[in-house]
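What follows is a single structure, written as structure tokens, with notes after it.
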Amino acid sequence: MPNLPEEIRQELENSEVSNAEALEQFRMRYIGRKNIIGELFSQMRNVPAEEKKAYGQMVNDLKNLAQAKFQEHIDGLSAGGAEADDHVDLTLPPLDSEFGSIHPLTATRQRFIEIFERIGFNVSAGPEIEDDWHNFTALNFPENHPAREMQDTFFIEKNPDIALRTHTSSVQIRVMENEKPPIRTLSPGRVFRNEAISARAHCVFHQMEGLYIDKGVSFADLKQTLYHFAKEMYTKDTQVRFRPSYFPFTEPSAEIDISCQICHGDGCNICKYTGWVEIGGSGMVDPNVLANCGIDPEVYSGFAFGMGIERITMLRYGIKDLRLFTENDIRFLKQFNPL
Ligand code: DAH
């Protein structure tokens with residue numbers, strides 16, 4: 001053999017590694033899968049029999065030397081040897097790291113859940129892509145109800161109808177199909193409607209559904225629960241008003257209004273100078289709906305409500321344009337959680 005092993009030994013002895021890149025080059029040349037010491041091993045078969053032992057010994061020593069040097073270089077780098085080469089100036093002030101903040105819609109959802117958890121509600125979820133049964137039929141929507149028409153609903157498939165859910169009331173059905181009363185649940189989530197985007201409407205928004213089913217639940221429970229909610233979410237002097245309304249899945253049904261949080265009754269354009277703002281719909285769960293889910297309406301009754309989380313949030317913080325929630329403007333988002 002030529003003096004190649006000796007050359008490699010010299011190389012190793014004199015090797016210097018001052019940054020990560022050089023370390024990798026060292027590793028590939030002496031340690032990696034196709035390293036040059038391995039090549040020496042593979043030449044063993046050309047070495048005359050009587051020299052094999054000495055040769056093997058020498059190559060082995062080289063291998064150990066390479067390992068030792070490699071470790072030495074790693075230690076050298078992690079002890080700060082790399083700094084000189086990478087030009088890190090330790091005297092510079094630390095980088096200013098920015099904290100994120102909680103999105104106002106998330107903050108409202110969390111507060112909503114907090115309020116209802118304390119009176120025994122849990123949280124349930126359902127799919128955003130929903131079938132006709134859960135979004136409409138089980139909720140007692142007549143076959144030709146306008147809400148089923150194409151201008152409101154984003155259909156994914158027709159016959160069988162599969163659509164983006166238009167409300168979180170679909171989750172009521174899923175919960176009642178799977179659980180036995182007493183049921184006390186909140187279902188927050190995204191809903192979708194084919195609407196033009198403006199300051200007051202969006203094709204994607206969030207709702208919070210509430211459902212309470214047990215023996216002897218009455219409209220008085222519904223009112224008292226929502227009074228409690230309004231005072232907790234806003235202020236102790238917040239007023240609540242129920243207006244008779246219609247929803248296919250509740251009977252009787254009522255629209256929920258609260259006293260305007262912006263002008264406190266003086267009149268402003270948020271409440272259209274009425275002093276009241278609508279925050280959602282509610283009512284006693286229709287006996288047909290209970291029966292559709294296998295719950296005996298002769299034994300059980302309950303109430304339900306659905307509110308827009310955007311609306312609740314806008315009133316909470318005095319936000320005038322719903323598009324702000326999705327524009328991701330840091331100047332807007334930062335205001336809710338200044339750190
Ligand atoms: N799902 C209705 C909507 O999106 C809101 C609603 C009204 C939900 C009355 C309810 C309810 O649970 O009882 O407009």
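The values are calculated or read from the model by the stated rules, or taken from the named source; none is laboratory data. Just so you know, these numbers come straight off a predicted model, no measurement behind them. Cβ sites come from the backbone with ideal geometry, for glycine too, and all protein chains shown count toward neighbours. Surface areas here come from the heavy atoms of the whole protein model, side chains and all, with no ligands, DNA or RNA. Shrake-Rupley method; radii C 1.70, N 1.55, O 1.52, S 1.80 Å.
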Table column - 3J(HN,Hα) (Hz), segment 179-191, Karplus curve with 6.51, -1.76, 1.60, x for Gly and Pro: 10, 9, x, x, 10, 9, 9, 10, 10, x, x, 7, 10
Highest-fluctuation residue, I36, I119, I258 considered, GNM on the chain with Cα pairs under 10 Å: I36
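With the contact rule set at Cα under 8 Å and sequence spacing of 6 or more, what percent relative contact order holds for segment 163-287?
Working: 190 pairs, mean separation 20.7, N = 125.
Relative contact order comes out at 17 percent.
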The chain - percent relative contact order, Cα under 8 Å, separation 6 or more: 15 percent
Karplus-derived HN-Hα couplings along segment 294-301 (A = 6.51, B = -1.76, C = 1.60, θ = phi - 60°), whole Hz, x at Gly and Pro: x, 10, 6, x, 6, 9, 10, 9
Rounded to whole Hz, the Karplus (6.51, -1.76, 1.60) HN-Hα couplings of segment 133-145, x for glycine and proline: 4, 6, 7, 10, 4, 5, 8, 6, 6, x, 3, 9, 5
Trypsin sites (Lys or Arg not before Pro) within segment 105-141, DSSP loop, no more than 10 other Cβ atoms inside 10 Å: R118
Calculated [θ] (222 nm, deg cm²/dmol) that DSSP helices of n ≥ 4 give over the chain, each run adding -39,500 (n - 2.57): -10500 deg cm²/dmol
Cα-based shape type of segment 5-85, given that a ≥ b ≥ c are square roots of the gyration tensor eigenvalues and the cut on a/c is 1.5: prolate
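How long is the gain from D75 to H228 if the chain were fully straight, where each residue apart is worth 0.36 nm and the alpha carbon distance is subtracted? It would help to have the intermediate numbers written out before the result.
Values: separation 153, 0.36 × 153 = 55.08 nm, distance 6.44 nm.
Between D75 and H228, full extension yields an extra 48.6 nm.
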For G280, residues with placed amide H under 5 Å, excluding near neighbours: I256
Efficiency of FRET from Cβ geometry, I330 and Q239, R₀ 35 Å, rounded to 0.05: 0.45
FRET efficiency, E11 to L95 (Cβ-Cβ, R0 45 Å, nearest 0.05): 0.65
1.4 Å probe accessible area per residue over the chain, in Å²: 56 Å²
Choice from I102, I31, I115 showing the highest fluctuation, given a GNM over the chain with Cα pairs closer than 10 Å: I31
Amide H within-cut-off set for N122, under 5 Å, with H built and near neighbours excluded: R184, T185, L186
Sum of side-chain charges, E232 neighbourhood, beta-carbon under 12 Å (Lys, Arg +1; Asp, Glu -1): +3
Gained length - D152 relative to Q25, 0.36 nm times residue gap less alpha-carbon distance: 39.4 nm
Separation of alpha-carbon centers, segment 139-213 and segment 282-339, rounded to whole Å: 12 Å
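Placing +1 at every Lys and Arg Cβ and -1 at every Asp and Glu Cβ, with all other atoms neutral, what dipole size does the chain have around its Cα centre, in debye to the nearest 20?
Numbers: 35 positive and 50 negative charges, 179 e Å.
The dipole of the chain has a size of about 860 debye.
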Amide hydrogen neighbours beyond the local backbone of I162, cut-off 5 Å, H modeled: I156, E157
